[in-house]
Amino acid sequence: MIRHRPLGSGHPYSEDTEQRSPVHPVAGQPLRLGVRTSGDVASVGLELEVRLAGDVRTEHHRLSPVPRSSRGQDVSGGHLASAQAKQGRSAGGWEVVLPEVPAGASLRYRFSDGTTTTRWFECRVAQWRPADPDTLEVVGAVDGIVPSDLEVLDDGERALRIRFALPLAPGEHVAGFGERFDALDHRGAHLDSVVFEQYKSQGAHRRTYLPMPFAHVVGGAGWGFHVRTSRRVWFDVGASDGTRLVVESELGDGQLELALYPGTPTQVLDSFLAEVGRPKQMPDWVFRLWASGNEWNTQAEVERQMALHAEHDIPVGSVVIEAWSDESTFTAFRDATYDLRADGGPLRLADFRFPAEGAWPDPKAMVDALHAAGTKVHLWQIPLLKMRPHPQGQARADAEAAVREGVLIREQGPDGKLRPYRNRGWWFPLALMPDLTDERAAEWWTDKRRYLVEDLGIDGFKTDGGEHAWGADLRYLDGSTGAESNNRLPVAYAAAYGKLLESAGKAPVTFSRAGFTGSQAHGAFWAGDENSTWEAFRWSMLAGLSAAASGIVYWGWDVAGFSGPVPEPELYVRAMAASVFVPIMQYHSEFNHHRRPARDRTPWNVAELTGDDAVVGEVRELVHLRERLVPYLARQAAATVATSAPLMRPLWFEHPEDARVWEHVQWLLGDLLVAPVLEPGGDWPVFLPDGDWVDVWTGARVVGGGVVATSTPRARVPVFARAAAWEDLEQVFHPSTQGPFRPASVVEELLEEGPSALAAG
């Protein structure tokens, strides 16, 4: 067996053993050709025909063995990547690297092991050349901003990519690009915009579930830009040349649009949202605590956990139940029985029988009881039809119906024929994927879940796993390729479930980790999987700020991380304290195969495992503060939807001219300034912009304009209110007091020592 797959699997950051790299050869650059073979193959040869200016030159090369690395399967490459790698069948990897290929040439090649010879493969060699001016259409104008050095990568038949530069002035900062984990200011970085499941450590890899080819340029005249494409875009943000922001994008029809927006950061964001879709205001209950754990996988366990929250006086606004389904259809509760729908049609609640001894003996009663207690219910979803192991029963009928009804994304095989796409990612490998960008397919898919909303009363869905469409060779039902529509899929995924909820008279509350341009209009988001470390805590805060700067309003993260041993008490409580002032306050924990000790991120479990009993009381205090803050958050969210000024607002939105705002991971929440403590210890520097501020914990007034030292217990986060708003906010922080938290004499003594002493005292 010899396998050569020119396009590879579509992994955006890793070359497959058996692919051509680059997929489109570039003149003057090396070209790698690789194959995989069965384990008994001893050698592989390449026959290469180079056609140039009417001449044909034939070359023969011997391939060298290389370690097998199909689909980039390494520990950092994606969710459960190391486990997937172990499942790989024994195979050999071989490659040859051609030092360079000539401009204008076409290549024809095949491989042989002496017994088996592959078919011929063909490609053209592309080269960069100056582009016609109309290849880039600039929409809008910013004084002094003119794209320069316009080039296209052309293979003689079509333009494959376009490249141009935008000017960067000294002192300008570049922010946005969707949800980014590594920095506030991306000047000096290389980034791209492709939806990708980076399983943990996103900040170290600069990979994200939620990219956007949109950014703010802050610190000078003020402007922003949007590369109007769903295709992959690369950005050299002054990394190679500090005076230039180089943009390189894949091309579809030979032309690209670039939108330029002048003005303040809020004006730039407003112009962007007017183009791509504005957020919808969510109901107030989304601002209450969300709680979940992957091992809450029975009705008894969900009810036990909710009872423990009530016992500890920690109110829960939403419970997210992940492990509820049969893990086969993802529409039926585990252990439920029902008559098979051979046509793959939707079932209703009345079609199910729930055995008393099963995992979910009465889900309707459970949901009703949770609602009576004031708790909303979300169920977990993935946009896949699981095919490993081979499906049986309803899962098989659903898969057959999906093929028959023509609702699946397809892929083009070596013979040119279209077949159902089989998931190339690490998670649920080989699963089928519905084309949720297509209205008919989306309705077919969501109708199978309609009973959950209409009959059971579910309030929302955790729309997980929207990042599994890999490869330019995919074909969507509208005829578009994967290069154009893979990034669009997670937007359509959340939109489809939102439409289902709205059709039943409910708010479109979805909870996604993957997204792209246009996601702003569809539900809430969380920052994906991450470890319980201080480093990940900081990365998550950066992600929230960049997402907010890109128009995502309802955002949160797995407080203190969801993976690994439970976090140390200080990390857990300080992260919980920060989450009080983040749009979505939620904690979650990974599945640990029910091993002991449990890894639930409930405060009582953290307290028990760490021996720190104070954790429970501290979290109780924080959640009660959040409850009092809900009306304020709802008003601020309404203002955000009306004005486009972010709810979780980076300081540079209001102080773009002050370079100091980039040195501190802080944000504004309406009239509150929040500065999370991102390292152990309570001493933390806080930058206060010009103006009069009040320390919300002490009632002390502080004059802004510099950095103040703060010292806070772990159950608090440094928060300052604008002095003019303090009268309306004081009762949120001190509901039992009518005046300043500290006696005026104490404040006066500290004022004599200066602002630093006041903040620290």
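The values are calculated or read from the model by the stated rules, or taken from the named source; none is laboratory data. From a predicted model like this one, the values you see are computed outputs, not experimental measurements. All Cβ positions, glycine included, derive from the backbone under ideal geometry; neighbour counts span all protein chains shown.
Observations on the structure shown:
- Verdict on G611 being more than 27 Å from the chain's Cα centre (by Cα), at pLDDT below 95 and farther than 14 Å from V707 by Cα: no
- Of the residues screened, W444 is one that is closer than 17 Å to Q381 by Cα and either free of Cβ contacts under 8 Å to residues at least 40 places away in the same chain or surrounded by 17 or more Cβ atoms within 10 Å (Cβ to Cβ) (or both).
- Whenever a residue of the range 714-737 is in the same structural domain as V703 (by TED's automatic domain parsing) and farther than 23 Å from M576 by Cα, its partners that are crowded, with 21+ Cβ neighbours inside 10 Å and modelled with pLDDT of 95 or more, lying with C-beta atoms within less than 6 angstrom and at least six residues away or across chains, give the pairs A723/V694; W726/V694.
- Those residues of the range 351-370 which are among the small types (G, A, S), surrounded by fewer than 19 Cβ atoms within 10 Å (Cβ to Cβ) and in contact with a strand residue (DSSP E or B) (Cβ under 9 Å, 6 or more places away or on another chain), in sequence order: G358
- Only residues that are outside any strand (DSSP E or B) and in contact with a Ser or Thr (Cβ under 9 Å, 6 or more places away or on another chain) were counted across the range 519-545, and they come to 13.
- Residue tally, condition part of a loop (DSSP other than H, G, I, E, B), of a type in the set (S, T, N, Q) and crowded, with 16+ Cβ neighbours inside 10 Å, over the range 17-56: 2
- At least 1 residues being aliphatic (A, V, I, L, M) is the threshold, and among the strands (runs of 3 or more DSSP E) wholly inside the range 347-430 those reaching it are 376-381, 418-420.
- Given (1) touching a strand residue (DSSP E or B) at 6+ places or on another chain (Cβ under 7 Å); (2) in the same structural domain as S328 (by TED's automatic domain parsing); (3) in a loop (DSSP other than H, G, I, E, B), number of the condition Y497 does not satisfy: (3)
- Among the candidates V377, V403, V367, the residue that is within 28 Å of the chain's Cα centre (by Cα) and either at pLDDT 95 or above or not assigned by TED's automatic domain parsing to the domain that holds A300 (or both) is uniquely V377.
- In the range 556-579, the residues that are crowded, with 23+ Cβ neighbours inside 10 Å and outside any helix (DSSP H, G or I): G556, W557, D558, V559, A560, G561, F562, V566, P567
- Scanning the range 573-597 for residues that are in contact (Cβ under 8 Å) with a residue 60 or more places away in the chain and over 24 Å from S540 (Cα atoms) returns a single hit, H594.
- Yes/no for H186 being touching a residue at least 12 places away in the same chain (Cβ under 8 Å) and either closer than 15 Å to A165 by Cβ or surrounded by fewer than 17 Cβ atoms within 10 Å (Cβ to Cβ) (or both): no
- Qualifying positions in the range 461-504 - over 17 Å from the mean Cα position of the chain (by Cα) and closer than 25 Å to P346 by Cα: Y476, L477, D478, A496, Y497, G498, K499, L500, L501, E502, S503, A504
- Condition check for S546: touching a strand residue (DSSP E or B) at 6+ places or on another chain (Cβ under 8 Å), of a type in the set (G, A, S), touching a residue at least 40 places away in the same chain (Cβ under 8 Å) and surrounded by fewer than 24 Cβ atoms within 10 Å (Cβ to Cβ): no
- Every residue from the range 223-268 that is in contact with a Pro (Cβ under 7 Å, 6 or more places away or on another chain), more than 23 Å from D132 (Cβ to Cβ) and crowded, with 21+ Cβ neighbours inside 10 Å: W223, P265
- Long-range neighbours under 6 Å by Cβ, at least six apart or interchain, first residue at pLDDT 95 or above within the range 336-361, second of a type in the set (V, I, T): R353/T337; A359/T298
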